[in-house]
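Quick notes on the structure that follows.
Computed from the coordinates by the stated procedures, all read-outs in this text should not be read as laboratory data. For clarity, every value in this text was computed on a predicted model and none was experimentally measured. Because the Cβ atoms are built from the backbone with ideal geometry, glycine has one as well, and the counts that use them run over all protein chains shown.
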Amino acid sequence: MTCVRDIREADAADWRRLWSGYNDFYEMAVPDEVTEFTLRRLLDSNSALLGRIAEKDERIAGFSISVLHDSTWTSSRACYLEDLFVDPDFRGAGVGRALIQDLVDLGRARGWSRLYWHTQASNERARRLYDTFVAADNFVRYRPTL
């Protein structure tokens, strides 16, 4: 069984290990100071970031990072699932599904207006999972460099 819970200070080393794997997967290099700033915000209950940890077989198996924000189209908060990663040793064991279901359940319990995310079109394995929750929409993303 997979247990999903808030991130804790004691999870820092495991989170950093998984965060490194996540960045390797996307061929990104996030500076150490940004990684540490992100971790501090995840551990701060007053931050708009929501960090969740998945445990399976008494090991940290994955994480999700979401951003809670106001919306101009609703009167309640929205949740953007920005990052989700499962340790390769636990892929196919329901950890990713548990992390997303956790956010669905939290959203319903806390009255969020919506939960949304995106992924690379080529991320077929993740998309097979995501498609079991909801079909992809037809929005196109634009990202100017600032």
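Extension gain, Gln120 to Arg91, is 8.6 nm, computed as 0.36 nm per intervening residue step minus the present C-alpha separation. Computed from the C-beta positions of Asp44 and Val104, the FRET efficiency with R₀ = 30 Å rounds to 0.80. Estimated from helices alone, the mean residue ellipticity of the chain at 222 nm is -10500 deg cm²/dmol (sum of -39500 (n - 2.57) over DSSP H runs with n ≥ 4, per residue). Where in segment 114-131 does the amide nitrogen come within less than 12 Å of the point 7 Å from the Cα of Phe139, taken along Cα to Cβ? 114-119, by backbone N distance to the label point. Here the gap between Arg8 and Glu36, fully extended at 0.36 nm per residue and compared with their Cα-Cα distance, gives a gain of 8.7 nm. Loop-located chymotrypsin sites (Phe, Trp or Tyr not before Pro) in segment 45-146 (DSSP state not H, G, I, E or B) with no more than 16 neighbouring Cβ atoms inside 10 Å: Trp73, Phe133, Phe139, Tyr142.
Spin-label model, His69 to Asp131: label points 7 Å out along the Cα-to-beta-carbon direction sit 2.8 nm apart.
Sorting the Cα pairs of segment 17-146 by distance into bins of 10 Å, from 0 upward, gives 11, 40, 40, 10, 0 percent per bin. Taken as Cα centroids, segment 9-75 and segment 77-145 sit 14 Å apart, rounded to the nearest whole angstrom. Considering only Val104, Leu146, Ala48, the residue lying farthest towards the positive end of the dipole of the chain is Val104, judged by Cα position with unit charges set on Cβ. Once each of the GluC sites (Glu not before Pro) sitting in a DSSP loop with at most 10 other beta-carbon atoms within 10 Å is removed, the chain keeps 59-146 as its longest stretch.
Note on the chain: with charges restricted to the Cβ of Lys and Arg (+1) and Asp and Glu (-1), its dipole about the Cα centre is near 520 debye. The phi torsions of segment 19-34, fed into the Karplus equation with coefficients 6.51, -1.76 and 1.60 and a -60° offset, translate into couplings of 4, 4, x, 4, 5, 4, 4, 8, 6, 10, 10, 8, x, 3, 5, 6 Hz, rounded to whole numbers, with Gly and Pro shown as x.
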